[in-house]
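A.B. asks: Handing you this structure, nothing more for now.
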Amino acid sequence: MSNTIQFPMLGDARGSLVVLEAQKQIPFDIQRVYYIFGTQEGIARGFHAHKELLQVAVCVSGQCKMLLDNGNEKTVITMDSPTHGVLIDRMVWHEMHDFSSDCVLLVLASAHYDEADYIRNYDDFTSLSSIEKGRISE
Ligand code: TYD
């Protein structure tokens, strides 16, 4: 899975600046932005996939780990750079682990919040994923 997006850094002597625009650095129209911060030690978040939603996550401060699982392949990405985004495609199970106390995880999403778009059960995810990939789920 190739899920990282590198953002150009527009820096000058004063410091750094990264810009994220819909259909440019971010490959969809942004409908929602949220951010996760102050995550307690030992806490992991996520543990779901989305039926349709596309998201890009950026760790703008600190670090955390992002596990992505497309039903065939799992990858763990260390997120520790405000110049790198991680694309969370539709039908990708994701979990966030190992948040540093200063971690701020910014997420840009392609649609408004919709609980009906969530798949929160891993077995449901693998079944649906198999059906989509053309294999008949047992
Ligand atoms: P949840 O999806 O469980 O967070 P995570 O996947 O990061 O662990 O969301 C936590 C709560 O916040 C849950 O009650 C739903 C709510 N929520 C919204 O109302 N709008 C949103 O855009 C998001 C992401 C969550």
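The values are calculated or read from the model by the stated rules, or taken from the named source; none is laboratory data. Computed from a prediction, not measured in an experiment: that's the story for all the values here. Note that we place each Cβ from the backbone using ideal geometry, even for glycine, and neighbour counts take in every protein chain shown. Ligands, DNA and RNA are excluded from the accessible area calculation, which covers all protein heavy atoms including side chains. Shrake-Rupley method; radii C 1.70, N 1.55, O 1.52, S 1.80 Å.
A.B. asks: Of the residues Ile26, Ile119, Ile36, which exhibits the maximal mean-square fluctuation in a Gaussian network model of the chain defined by a 10 Å Cα contact cut-off?
C.D. replies: In this elastic network of the chain, the residue with the biggest mean-square fluctuation among Ile26, Ile119, Ile36 is Ile36.
A.B. asks: To check you understand DSSP bridge types, tell me what percent of the beta bridges within the chain (both residues inside) are antiparallel, rounded to 5. Mind dumping the intermediate values first?
C.D. replies: Values: 36 of 37 bridges.
In the chain, approximately 95 percent of DSSP beta bridges are antiparallel ones.
A.B. asks: What does the chain give for Rg and for Dmax, in Å, if only its C-alpha atoms count?
C.D. replies: 15.6, 60
A.B. asks: Where is the GNM fluctuation largest for the chain (alpha-carbon springs, 10 angstrom cutoff): Asp29, Asp114, Asp69?
C.D. replies: It is Asp114.
A.B. asks: Taking only protein heavy atoms into account and a 1.4 Å probe, give the accessible area per residue of the chain in Å².
C.D. replies: Per residue, the chain has 58 Å² of solvent-accessible surface.
A.B. asks: Next question, about the same structure. Taking the chain as a Gaussian network, where each spring joins two C-alpha atoms under 10 Å apart, which residue of Val60, Val18, Val92 fluctuates the most?
C.D. replies: Ranking Val60, Val18, Val92 by mean-square fluctuation puts Val18 first.
A.B. asks: Please identify the trypsin sites (Lys or Arg not before Pro) of segment 45-122 that satisfy two criteria: DSSP loop assignment and at most 12 other Cβ atoms within 10 Å. Which are they? Mind showing how you got there, number by number?
C.D. replies: Values: sites: Arg45, Lys51, Lys65, Lys74, Arg90, Arg120; in loops: Lys51, Arg90, Arg120.
Here the trypsin sites (Lys or Arg not before Pro) that fit, given the DSSP loop and packing criteria, are Arg120.
A.B. asks: Related question: Only sites in a loop by DSSP and with at most 16 other Cβ atoms within 10 Å count here; which GluC sites (Glu not before Pro) in segment 1-99 make the cut?
C.D. replies: Glu21, Glu41, Glu52, Glu73
A.B. asks: Something else: Please compute the length gained on full extension between His97 and Glu73, using 0.36 nm multiplied by the number of residues separating them and subtracting their Cα-Cα distance.
C.D. replies: That works out to 6.8 nm of additional length.
A.B. asks: Given a 1.4 Å probe and every protein chain left where it sits, what share in percent of the accessible area of the chain is carbon and sulfur?
C.D. replies: Numbers: 3990 of 7990 Å².
Taking all protein chains in place, the chain shows 50 percent carbon and sulfur surface.
A.B. asks: Continuing with the same structure: Across the chain, how many lysine pairs separated by 8 or more positions, or lying on different chains, have Cα atoms within less than 21 Å?
C.D. replies: For the chain, qualifying lysine pairs total 4.
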